[in-house]
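No value in this document is a laboratory result; all are computed from the given coordinates. Computed from a predicted model, the values in this text were never measured in an experiment. Neighbour counts run over all protein chains shown; Cβ positions are idealised from the backbone, glycine included.
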């Protein structure tokens, strides 16, 4: 009896979850942006972008999509949106089962992915923890930390449904009927775009790419090869920032040309990751690498012109704040993220250009 009561309570809880994309879309609806994993942090970042006019899309509705078995507390996200008067935020909870088998093909979540493509105007995949290596054909290394597998399953399957991939070349991608639909992947989202379409990752940059055997070895590589702050782990008592700022080597491409950037520019970006794209899936053009050329930092899709992935973090709300609160090393004077970007020519403009691109694509829908 107790198990029956618990099951009924769980079922009623799922029924109470908002499924915004199920409803028919009104004829006079404004632009809709789906964001996967709508945590409080991600909503705060989007709110800062909107309030500062960096993501300038009048009438925008943000639809947070997540699986009910994810580890995050999305009830906290609803509360955050309500307390701050963010009526532009809605939610769509997915409860259909997902497993590794059948991930890259029709499955129980396919109707939800079809709703995303048909009843929204763009999608963002945010940053987060490691992707399970089995999903890109590797055994799990000792440095890999899989934190939220249901999130990975949902997002990778969504990406395959939207874009297609080499896992099943016969599958028709949902964007075949909406080829200008914008998709942005950030950090984990960037890696997920690659894995979801058939590419691979290195599980740890310092050991797998640079051969470092210790944090001290990583420090000796220099900031352009860090991609995260090694001092935070060496000096945990100092409360140092976990991110690293490094510059990019740009190439050529649609996004860069449209934003007015080229190979002569070396914008600085905010970085925090240890998995990285090394085997690029078919259908992508690399737009940027690390300065030494060993890591892919941005790429765009060749078939679908408004699909962009970036390994760095242009969404972080503290990029726009000028308060001096952050140190990278124990003997550093506190500084703001904004000042660190402003110290390298065109870096602030480059990070804002990602959102200007997305805004234009959403308004064009």
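Tabulated results
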| read-out | value |
| --- | --- |
| DSSP beta bridges in the chain [antiparallel fraction, %, rounded to 5] | 50 percent |
| √(5λ) per eigenvalue of the Cα gyration tensor, the chain, largest first, Å | 31, 23, 23 |
| Rg in Å to one decimal, and Dmax rounded to a whole Å, for the range 151-293 via C-alpha atoms | 17.2, 53 |
| The range 229-276 - Rg (one decimal) and Dmax (whole number), Cα, Å | 15.1, 45 |
| Between the range 92-170 and the range 282-334, the alpha-carbon center distance in angstrom | 22 Å |
| Footprinting exposure proxy for 329, 90 (fewest neighbouring C-beta atoms within 10 Å first) | 329, 90 |
| Convex hull volume per residue for the range 24-180, taking Cα atoms only, in Å³ | 132 Å³ |
| Equivalent-ellipsoid semi-axes of the range 65-122, from the Cα gyration tensor, Å, largest first | 26, 15, 7 |
| MRE, 222 nm, helices only [DSSP H, n ≥ 4, -39500 (n - 2.57), over the chain, to nearest 500] | -9500 deg cm²/dmol |
| Burial ranking of peptide ranges 98-105, 150-157 (average Cβ count within 10 Å, highest at the top) | 150-157, 98-105 |
| Residue order, fewest to most beta carbons within 10 Å, for 224, 75, 83, 297 | 83, 75, 224, 297 |
| Share of Cα-Cα pairs in the range 97-157 lying beyond 16 Å, as whole percent | 52 percent |
| Kirkwood Rh (inverse of mean 1/r, distinct Cα pairs), the range 225-316, angstrom | 14.2 Å |
| For the range 291-365, diffusion coefficient by Stokes-Einstein and Kirkwood Rh (Cα), 10 °C, 1.306 mPa s, µm²/s | 109 µm²/s |
| The chain - percent relative contact order, Cα under 8 Å, separation 6 or more | 16 percent |
| Proxy reagent accessibility, fewest Cβ within 10 Å first, across 73, 112, 180 | 73, 180, 112 |
